[in-house]
Amino acid sequence: MSTITPDAPKKTNRLGLDLQPYRGSKTTLCAGCGHNAISERIIEAFYEMGIDPKQVIKLPGIGCSSKSPAYFLGGSHGFNAVHGRMPSVGTGAMLANQKLIAIGVSGDGDTGAIGIGQFVHLMRRNLPIIYIIEDNGCYGLTKGQFSPTADLGSKAKNGVANELPPIDTCALAIELGASFVARSFSGDKKQLLSILKASLSHNGTCMIDVLSPCV
């Protein structure tokens, strides 16, 4: 005689939501990409903190990193800015609706090159935006040229060595007055999750540089 076991109840957060509303579409990034690991930690952080996805706006720029907001918080608001202009779009969004929780996702090229002026002024204004730099030291979508954060002496796939010193986005953010600055690694799940959860409790600019090697 078989026994029918009832389905176990789904685990939910303080809003009564399971993980599904915090997920997004299936990733199209390279297998093993650190950006995917960051997306997974974002899903966990918002779920565990019990934040309504409908109260969130996602603000990407351009590049591999800026594709990743499609892979988390599928029911949130979102706007794709042009290259390097995510900070100004985020500033406008927060001025229009200060009840939103803003999370910007940018790359080291998007932030450190064409968007460096925008980055500077967002940090000095200390607006309540979580600004994540998915930092792989190269332009992943355009064959891996060095980005402004690439280490001095690092080598590209073609063997060319980088002759320029890197821009330290964390040091720059601290100098400009950002009130929450952190650096983590996409492969350190525990640390990155803790940093993201702390940023969700902070009222001010949270700049998180996440080292995310390109595969």
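The values are calculated or read from the model by the stated rules, or taken from the named source; none is laboratory data. Keep in mind that this is a model prediction, so the values were computed, not measured. Here the Cβ positions follow ideal geometry from the backbone for every residue, glycine too, while neighbour counts run over all protein chains shown. Note: areas computed on protein heavy atoms with side chains; ligands, DNA, RNA excluded. Shrake-Rupley method; radii C 1.70, N 1.55, O 1.52, S 1.80 Å.
Results, tabulated for the structure shown:
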{"read-out": "Matching option when the condition is of a type in the set (Gly, Ala, Ser) and either under 18 Å from LEU192 (Cα atoms) or open to solvent by 10 Å² or more (accessible area, probe 1.4 Å) (or both), among GLY90, GLY84, GLY16", "value": "GLY16"}
{"read-out": "Hits in segment 119-144 - residues which are assigned to a helix (DSSP H, G or I), under 14 Å from CYS33 (Cβ atoms) and not small (Gly, Ala, Ser)", "value": "LEU141"}
{"read-out": "Count - residues of segment 143-152 that are closer than 19 Å to GLY115 by Cβ and either touching a helix residue (DSSP H, G or I) at 6+ places or on another chain (Cβ under 7 Å) or open to solvent by less than 70 Å² (accessible area, probe 1.4 Å) (or both)", "value": "5"}
{"read-out": "Evaluation of VAL210 against (1) open to solvent by less than 70 Å² (accessible area, probe 1.4 Å); (2) more than 14 Å from the chain's Cα centre (by Cα); (3) within 16 Å of ASN136 (Cα to Cα) (one fails), failing number", "value": "(2)"}
{"read-out": "Within segment 127-142, considering residues that are over 12 Å from the mean Cα position of the chain (by Cα) and touching a residue at least 12 places away in the same chain (Cβ under 8 Å), the one surrounded by the fewest Cβ atoms within 10 Å (Cβ to Cβ)", "value": "LEU141"}
{"read-out": "Members of segment 94-112 found to be over 23 Å from ILE195 (Cβ atoms) and crowded, with 17+ Cβ neighbours inside 10 Å, listed by number", "value": "none"}
{"read-out": "Filtered residues of segment 158-167 (kept if surrounded by 14 or more Cβ atoms within 10 Å (Cβ to Cβ) and touching a strand residue (DSSP E or B) at 6+ places or on another chain (Cβ under 8 Å))", "value": "ASN162"}
{"read-out": "Qualifying residue in segment 117-126 (condition: among the charged types (D, E, K, R), closer than 22 Å to ILE43 by Cβ, in contact with a Leu (Cβ under 7 Å, 6 or more places away or on another chain) and free of Cβ contacts under 8 Å to residues at least 60 places away in the same chain)", "value": "no"}
{"read-out": "Per-region count, segment 19-55, residues open to solvent by less than 60 Å² (accessible area, probe 1.4 Å), β-branched (Val, Ile, Thr) and assigned to a loop (DSSP other than H, G, I, E, B)", "value": "2"}
{"read-out": "Single residue of LYS155, LYS189 found to be modelled with pLDDT of 90 or more and open to solvent by 30 Å² or more (accessible area, probe 1.4 Å)", "value": "LYS189"}
